[in-house]
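The values are calculated or read from the model by the stated rules, or taken from the named source; none is laboratory data. This is a predicted model, so every value here is computed, not measured. Heads up, the Cβs are rebuilt from the backbone with ideal geometry, glycines too, and the neighbour counts pull from every protein chain shown. Protein only, heavy atoms only, side chains kept; ligands, DNA and RNA dropped before computing areas. Shrake-Rupley method; radii C 1.70, N 1.55, O 1.52, S 1.80 Å.
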Amino acid sequence: MPALPFLLTVPWGLYAETPIHGAAPRVPLRAGAPARAMAAHGLMLAVPAAARVLVAGRRMRMQQEGASFDWARDRFALYGLPSGIRPEERALTLSIGTPDAETAASIELDGYLPKPPKRQPDAPAADGDRIQDFILKVLSRIREAETSEGERPAAGSAAWSRIATAWTATEANALDAPKELIVEHAETHRRVLMEVAQHPRRVLARVRRLMPLDRVQEIDKGCIDWLIRQPGTSIEEKAGPRQAVLGIAREENLNTLENRVLKDLLRRSAMEANGYLRANRRYAASERYRLVASYGGLCRRAWRELEAQGIADPAPPVTPNYVLQHDARYRSIWQAYQEILGDEQRQDDTWRWQRRLWSDFVRLSVHIALGRIPGCRPVALSPLRIRREQGRGRWSDLAQQSGLFLLRRPGRDLAISVLDATLSDGHPALRPWQHALGATIVLAVEDCATGRQATICVWPIHGTGSEPIALSEFMSSADEALRAVVEEERRYRDVREEVRGLVIRSTLDAANPDWGQRGLVYGLAMGPSAEMIEETMEMGAMVLEDAIMSLRW
């Protein structure tokens with residue numbers, strides 16, 4: 001009998017049995033049997049390693065999370081599923097083909113929240129808007145590790161020092177706000193946009209309308225046909241008591257394609273500026289923040305003026321006309337319009353992979369928190385590079401072993417290796433059960449004196465739905481899965497594992513970070529808000545230190 005694929009509502013779902021918030025940790029996918037799954041905190045798919053997955057007849061954009069492993073007498077691999085951006089993506093149809101069988105499964109997602117449309121500055125924030133603001137804040141935090149233009153990329157500890165300073169600096173203007181597309185537009189397109197918005201291109205349109213006989217200068221076939229149908233034998237009689245006939249008038253028209261594109265660019269730029277300001281409030285005193293704030297206000301006012309002049313919105317897809325391609329002023333507007341449309345597509349991709357974006361933030365946070373533990377210092381750190389474009393939610397480029405820390409305590413020195421467990425070519429020190437648990441980060445801890453080893457599995461959990469689940473439920477479920485793995489290793493492989501777990505759940509609001517413990521698993525609820533980032537890193541260091549020191553040697 002071929003192995004069944006499973007939909008996992010939590011990364012460790014293959015080893016957990018107790019429902020979380022009333023939802024099963026794993027849902028089997030059977031042919032012809034509709035399945036329902038909770039999608040409020042992202043989904044993963046556990047399939048036989050040789051399987052081929054299609055969705056609605058197309059190859060699905062999935063991301064393998066870690067190396068393949070043995071489970072239930074078969075070889076499995078875990079894949080991350082992207083979050084949907086449209087309401088109709090609440091229902092999925094998967095076709096999973098293996099060498100032995102083809103499985104078609106229909107999935108209905110509970111707790112699904114599509115990407116919201118961009119809101120106006122004064123509009124109230126809905127659940128989707130809060131998640132979108134959170135994503136922008138996380139992305140801003142990650143990109144604070146980027147080097148400035150003309151600056152050589154920092155390597156080793158220098159890059160990590162840079163991001164640690166950016167995250168925990170007490171001065172709001174310690175570093176400038178990140179340079180994103182809206183900043184570049186505010187620097188390069190401000191003058192031409194305002195100039196064209198104040199004096200948009202006008203064309204003379206030929207329109208037919210009734211006018212006095214002595215003012216008619218031009219007529220066409222349509223005017224003649226109208227005149228023939230009027231009663232009377234002379235032009236004066238046909239003009240009637242008002243002495244008016246149909247003639248050609250030339251009127252100025254602003255509702256052209258190039259002006260529609262201009263208006264839409266102003267609207268999108270105003271909303272983009274609004275989102276940038278919400279995500280970078282901690283840089284309110286910086287030059288870039290003020291520049292974008294001013295630019296957004298100008299775009300908003302110019303958009304309203306063009307709206308009042310009756311200029312419509314362009315109907316997508318927009319094909320550029322002669323003016324947009326060859327007029328010097330409108331050519332730059334068309335270029336900016338294409339750039340901002342492309343940026344919105346990238347934001348859609350960021351929404352789809354927001355769970356991996358949160359994992360990226362957690363990956364960096366663990367390094368910074370370890371460095372803040374008293375008596376813990378980095379011995380070696382992987383070069384930290386931030387990509388220009390995301391790779392399915394991931395922005396940072398790190399080695400498989402991204403850090404080595406030395407924690408000194410009286411009578412004991414501990415070496416802590418930070419391992420990335422999401423790469424398909426896993427690090428040699430990683431165990432198959434760590435991949436089966438869906439761990440994102442594994443801290444390999446070794447006693448320098450005795451050589452004894454222990455591990456801490458780290459799971460980032462990000463809420464993609466409207467109702468967050470309590471941190472305690474995740475900790476209890478992860479503890480159940482971790483104990484099941486420990487017992488399986490002891491019973492079948494005679495290996496006694498010393499392990500701990502750490503669940504790091506996202507919080508959307510700028511609330512105080514919180515932590516807890518359930519058995520072998522610790523939990524930390526935190527966010528990227530500027531108001532709490534210092535306290536968050538301190539609490540993260542405290543939780544990591546407690547988890548490390550609780551290991552039994």
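Peptides 299-310, 252-263, ordered by how many other C-beta atoms sit within 10 Å of their residues on average, highest first, read 252-263, 299-310. Where does helix 257-279 land angle-wise versus the long Cα axis of the chain, in degrees 0 to 90, nearest 10? Helix 257-279 sits at roughly 30 degrees to that axis. The mean sequence separation of alpha-carbon pairs under 8 Å and at least six residues apart, normalised by the residue count of the chain, gives a relative contact order of 16 percent. Axis of helix 328-352 versus longest Cα principal axis of the chain: the two differ by about 30°, to the nearest ten degrees. Largest accessible area first, the residues 65, 534 order themselves as 534, 65 under a 1.4 Å probe with ligands, DNA and RNA left out. Of all DSSP bridge pairs formed entirely within the chain, close to 80 percent run antiparallel. Quick one: net charge around residue 330, please, counting Lys, Arg +1 and Asp, Glu -1 for every other residue with C-beta under 12 Å from its C-beta. So the surrounding residues net to +1. Taking Cα centre as origin and charging only the Cβ of basic (Lys, Arg, +1) and acidic (Asp, Glu, -1) residues, the dipole magnitude of the range 203-253 rounds to 120 debye. Taking every alpha-carbon pair under 8 Å whose residues sit at least 6 apart, the range 2-55 reaches a relative contact order of 45 percent. Roughly how many whole Å is it from the C-alpha centroid of the range 494-553 to that of the range 238-278? Distance between centres, Cα-based: 57 Å.
When each of the peptides 515-528, 278-291 is scored by how many other beta carbons lie within 10 Å of its residues on average, the order from highest to lowest is 515-528, 278-291.
Here's the list of lysines a cross-link from residue 221 could span, going by alpha-carbon distance under 20 Å and ignoring same-chain residues fewer than 8 apart: 238. The long axis of helix 287-308 is offset from the longest Cα principal axis of the chain by roughly 40 degrees. Placing a label point 7 Å from the Cα of residue 158 along the Cα-to-Cβ direction, the residues of the range 365-385 with a backbone N closer than 15 Å are 381-385.
Counting only Cα atoms, the chain measures 115, 59, 36 Å along its principal axes, largest extent leading. Highest mean packing comes first when the peptides 383-390, 446-453, 38-45 are listed by Cβ atoms within 10 Å, giving 38-45, 383-390, 446-453.
Sorted into 5 angstrom bins from 0, the C-alpha pair distances of the range 203-253 split as 5, 22, 29, 25, 10, 6, 3, 1 percent.
The residues packed around residue 423, meaning those with a beta-carbon under 14 Å from its beta-carbon, carry a net charge of -1 if Lys and Arg are +1 and Asp and Glu are -1.
Of all lysines in the structure, those lying under 29 Å Cα to Cα from residue 118, and not within fewer than 8 positions of it along the same chain, are 137, 179, 263.
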